[in-house]
1. Which residue pairs have Cβ atoms under 7 Å apart, sit 6 or more places apart or on different chains, and have a first residue in segment 64-77 that is closer than 9 Å to residue 48 by Cβ and a second that is open to solvent by less than 50 Å² (accessible area, probe 1.4 Å) and not in a helix (DSSP H, G or I)?
2. Within segment 59-77, identify whether any single residue is assigned to a strand (DSSP E or B) and in contact with a strand residue (DSSP E or B) (Cβ under 7 Å, 6 or more places away or on another chain), and answer yes or no.
3. Is it the case, given these coordinates, that residue 54 is modelled with pLDDT under 95, within 22 Å of residue 120 (Cα to Cα), within 11 Å of the chain's Cα centre (by Cα) and not small (Gly, Ala, Ser)?
4. When you go through 45, 69 one by one, which is the residue that is open to solvent by 60 Å² or more (accessible area, probe 1.4 Å), farther than 15 Å from residue 112 by Cβ and at pLDDT 95 or above?
5. Condition test on residue 93, is it at pLDDT below 90 and not aromatic (Phe, Trp, Tyr)?
Amino acid sequence: MKARILVVEDDQIIQLDLRRHLKQLDYLIVGTADSGEEAVAKADQLEPDLILMDVRLMGSMDGIEAARQIRSKRDVPVIYVTAQSGDLTHGGQKVLGPRVTKPFKTAELQDAIESALQSKQPPDDRT
C-alpha cells in the first residue's frame, strides 16, 4: 500500500518539485497546504501517513508549531523540509526529528520517508 503524504510548503516551485519527487517514488500525495493553520486542518481531515513540513510558512503559525499541534492529536511522522543545515530551534529549544535540507535529492527524500515510516511500524512478532 502506498504511503499517504501531506505536503506542507508555501513556495509553489518547491511544492511542485516535492510532488514530482514523491510521484516518481510512487507515494500518494493526499493534499497540500501552504500555511500552518491549513496544515493542521488538513492533517485532521486527510489523516496522512506522513507529513513533509516546511519550517517557514505563510500565516502566523510556522511549521514547527503546526507539527506540534498535529502531533498532539495524531501519531503521524513529520519530516521537516528546511533550508537550514544546522540545528532547528523553536522558542529557544532544539527541535528534534528527521529533516531534509533544500535543495534535496530524490534519494535523500526517499531515505527520510522510509526511515520515518519504518519507525512508525509495530515490531515484527516473528521469533
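The values are calculated or read from the model by the stated rules, or taken from the named source; none is laboratory data. Everything numeric in this text was worked out from a predicted model, so none of it was measured. Positions of Cβ are generated from backbone atoms using ideal geometry, with glycine treated the same way; all protein chains shown enter the neighbour counts. Note: areas computed on protein heavy atoms with side chains; ligands, DNA, RNA excluded. Shrake-Rupley method; radii C 1.70, N 1.55, O 1.52, S 1.80 Å.
1. 76/48; 76/50; 76/51
2. no
3. yes
4. Only one candidate qualifies: 45.
5. yes
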